[in-house]
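Here is the structure we will look at, set down as structure tokens.
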Amino acid sequence: MADLPFSESEYLTRQKNVIEDMPSESVLFIPTNPKSIRSNDVSYPFRASSYMLYLCGWSEPDGIFVARKSSGKWKTTLYVLPRDTKSEIWEGIRVGVEGASQGWPVDQAASITDLEKDVMFHIQGCSEIFTIEGLNNELDKILSDVDTSDAKKLIDGHRVVKSPSEIELMAKAATLASNAHILAIESTYPGIGEWQIQSIVEGYFSMNMSQWSYPSIVGGGDNATILHYKENNCIIEPGNLVLVDAGCEVEGYASDITRTWPVNGKFSDAQREIYDLVLRAELAGIDACQPGSPWISMHRATSRVLAAGLIELGILDCSIEDAIGEENDFNGPYRNFFMHGTGHLLGLDVHDVGGGRQGDDDPGPILKAGMVVTVEPGLYFGSWRNDVSIPERYSGIGIRIEDDVLITESGPVVLTADCPKEIDEIEALVGSNR
């Protein structure tokens, strides 16, 4: 076996679980992600498809995993780029067909140059063809005249509950991200640039042979009230808060942390009031991460704390029932200040498969031991907003606190617990490395 993050038996078990859900006389095609051009002949860094990583660990470009099932048995083939000295001089040595056949958890490997004739052989006599469209133009063209089914729906359910070895990698990613946030807090000072904090965080990822799992969000002052702020190009003025939402990948498995802190090391009274409220909501959300509970439990727990707190602070003038919304629908006026969901599943994708995100058609999964979720309530009072009344005392404040939580039979385990979030801890840490 090649130096893959999981044992051969784990990959084969994953394949078995997926293929057993396929009908007899069917075939599965899993293409990896395409390479993406940044400009002219410069490509973005390549990142393999999470489905490919899950099923066989293949991380090179231009691969296709195929599983053909017939009469209750199956055979797997990995199509890869063949060795080519001229290309390898420029782009690096390829594993090639022989290397893939000897080192990866598949029955055989073949050259991707044989794809067209082999696909026609694989689909012959099949009752159902599973694939992921839009990733490999050649495969899509070959299959354009046949009916296909979405392979994601076949695989997603198997990815939701993590194995012990997956959890180990996710715990490592959580620790790296926690350390990166700690270093950023320690290095913060009034007048620091958002981009400087970003470089501290992402530099730590690189130093530890990791990479970001999503573009880092570093928003100072009013920028923290923009949920997916991405410019990261402003000076953070004295007295302002900075919100940092950043995570990394280890062997493809993501972490996702948000912390908010004052750049001068001291929360103002108004900032402290909002921070304390968000922290209490986050702790309630974490406590709701119990096996057997419906997905909505986390959101209801955080929302009740936030709604009650907004009333207590005088930001809302209504009952808790009215704040939450008619018929307890959790779409009441508290949502003017907490616009997103409480969390999402985490794994090979930072917003991992399995449902539960705000806007999904289904109500989300029942929480099970082995799931990893984020819990990330926030409150946002953008001074730039003209759609809602923002109290002057809280104008310009944006606070989110996010942790990665493993659900176990005995309750939630916070994988990112190393990253401080209590007010006294944060204040003591800010600027302590300067």
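The values are calculated or read from the model by the stated rules, or taken from the named source; none is laboratory data. These numbers were taken from a predicted model, which means no experiment stands behind them. A quick note on method: Cβ atoms are made from the backbone with ideal geometry, for glycine too, and the neighbour counts reach across all protein chains shown.
Worth a mention:
- Here GLU98 passes the criteria (1) modelled with pLDDT of 95 or more; (2) among the acidic types (Asp, Glu); (3) farther than 21 Å from SER7 by Cα except the one numbered (3).
- Among (1) within 23 Å of PRO412 (Cβ to Cβ); (2) touching an Asp or Glu at 6+ places or on another chain (Cβ under 9 Å); (3) crowded, with 24+ Cβ neighbours inside 10 Å - the single one LEU279 does not satisfy: (3)
- Whether a residue is in the same structural domain as ASP147 (by TED's automatic domain parsing), in contact with an Asp or Glu (Cβ under 9 Å, 6 or more places away or on another chain) and either small (Gly, Ala, Ser) or surrounded by fewer than 23 Cβ atoms within 10 Å (Cβ to Cβ) (or both) was assessed, and SER43 does not pass this test.
Rundown of residues vs (1) charged (D, E, K, R); (2) within 18 Å of LEU28 (Cα to Cα); (3) not assigned by TED's automatic domain parsing to the domain that holds THR32, yes/no style:
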{"position": "GLU60", "(1), (2), (3)": "yes, no, no"}
{"position": "LYS75", "(1), (2), (3)": "yes, yes, no"}
{"position": "GLU88", "(1), (2), (3)": "yes, no, no"}
{"position": "VAL95", "(1), (2), (3)": "no, no, no"}
{"position": "THR131", "(1), (2), (3)": "no, yes, no"}
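- The range 74-83, subset assigned to a loop (DSSP other than H, G, I, E, B) and either of a type outside the set (Lys, Arg) or at positive phi (or both), residue surrounded by the most Cβ atoms within 10 Å (Cβ to Cβ): LEU81
- One residue stands out among those in the range 33-73 that are of a type in the set (A, V, I, L, M, F, W, C) and assigned to a loop (DSSP other than H, G, I, E, B): the one that is nearest to PHE130 (Cα to Cα), which is CYS56.
- Out of GLU231, GLU202, sole residue that is out of contact with any His (no Cβ under 8 Å at 6 or more places or on another chain) and closer than 15 Å to ALA173 by Cβ: GLU202
- Taken together, the criteria place ALA184 among residues that are within 30 Å of ILE235 (Cα to Cα) and not assigned by TED's automatic domain parsing to the domain that holds MET22.
- Residue match in the range 238-252 (condition: within 18 Å of HIS181 (Cα to Cα), out of contact with any strand residue (DSSP E or B) (no Cβ under 7 Å at 6 or more places or on another chain), touching a residue at least 12 places away in the same chain (Cβ under 8 Å) and part of a loop (DSSP other than H, G, I, E, B)): no
- Of all residues making up the range 305-321, the number that are buried (at least 17 other Cβ atoms within 10 Å of the Cβ) and either without any contact (Cβ under 8 Å) to a residue 40 or more places away in the chain or assigned to a helix (DSSP H, G or I) (or both): 8
- Filter pass, LEU306 being of a type in the set (A, V, I, L, M, F, W, C), within 30 Å of PRO164 (Cα to Cα) and modelled with pLDDT of 95 or more: no
- Flag for VAL106 being in contact (Cβ under 8 Å) with a residue 40 or more places away in the chain and in contact with a His (Cβ under 6 Å, 6 or more places away or on another chain): no
- Exclusive hit being closer than 14 Å to ILE226 by Cα, in contact with a Leu (Cβ under 8 Å, 6 or more places away or on another chain) and not acidic (Asp, Glu), set LEU379, LEU415: LEU379
- Test for THR188: is it of a type outside the set (D, E, K, R), buried (at least 22 other Cβ atoms within 10 Å of the Cβ) and either at pLDDT below 95 or assigned to a loop (DSSP other than H, G, I, E, B) (or both): yes
- On the stretch given as the range 1-23, residues that are assigned to a loop (DSSP other than H, G, I, E, B) and either closer than 15 Å to TRP104 by Cβ or in contact with a Ser or Thr (Cβ under 7 Å, 6 or more places away or on another chain) (or both) total 8.
- Restricting attention to the range 322-344, the residues that are more than 19 Å from LEU227 (Cβ to Cβ) and not in a helix (DSSP H, G or I) total 3.
- Flag for LYS86 being over 24 Å from LYS162 (Cα atoms) and either of a type outside the set (D, E, K, R) or in a helix (DSSP H, G or I) (or both): yes
- Pairs linking a residue in the range 34-50 that is under 18 Å from ASN137 (Cα atoms) and in contact (Cβ under 8 Å) with a residue 40 or more places away in the chain to a residue that is of a type in the set (Ser, Thr, Tyr) and not in a helix (DSSP H, G or I), with Cβ atoms under 7 Å and 6 or more positions apart or on different chains, are ALA48/THR32; ALA48/SER59; SER49/THR32.
- Residues of the range 49-73 that turn out to be in contact with a helix residue (DSSP H, G or I) (Cβ under 9 Å, 6 or more places away or on another chain), on the phi > 0 side of the Ramachandran plot and surrounded by fewer than 22 Cβ atoms within 10 Å (Cβ to Cβ), as a count: 1
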